[in-house]
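Asks: Here it is, the structure, as structure tokens.
The values are calculated or read from the model by the stated rules, or taken from the named source; none is laboratory data. All values reported here derive from a predicted model rather than from experimental measurement. Cβ sites come from the backbone with ideal geometry, for glycine too, and all protein chains shown count toward neighbours.
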Amino acid sequence: MAIFEILNDSNEVINTITADAAFMAANYESYRLVEPPDNTERDARAWRNLELQKTDFIVPLSDHPQRAAYLTYRTALRDWPDQDGDGNFTNGFPSTRPELGS
């Protein structure tokens, strides 16, 4: 199943439906496949923001035994979209996520 736009004689969209290619070919003369949006950057940013939120507790705790590791991790999370050199960028985010303790 995919999303298709049905076109009129002027190549204008008159409807959008979810169907398979065989159904479209059998029932419509003019249509086009709608490419799904690339949510990679949105999903990466959401994961990064959630990780920052989950580690917010550590910032005011000066005596936590893993404070330095968490602060380094948080810096890596904030810098993650700006890294370069690994050759695996996906919409501005490298494919390798920062990890706590690395």
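Asks: Could you tell me which numbered condition Ile3 fails, if it satisfies all but one of (1) outside any loop (DSSP other than H, G, I, E, B); (2) under 30 Å from Trp80 (Cβ atoms); (3) not small (Gly, Ala, Ser)?
Replies: So Ile3 meets the others, but not (2).
Asks: Could you give me the residue pairs with C-beta distances under 9 Å whose first residue belongs to the stretch 2-15 and is not assigned by TED's automatic domain parsing to the domain that holds Asn27, whose second residue is outside any strand (DSSP E or B) and of a type in the set (S, T, N, Q) wherever it lies, and which are 6+ apart or on separate chains?
Replies: Partner pairs satisfying both residue conditions: none exist.
Asks: Please work out which one of (1) more than 30 Å from Pro94 (Cα to Cα); (2) loosely packed, with under 13 Cβ neighbours inside 10 Å is the condition Pro37 fails and give its number.
Replies: (1)
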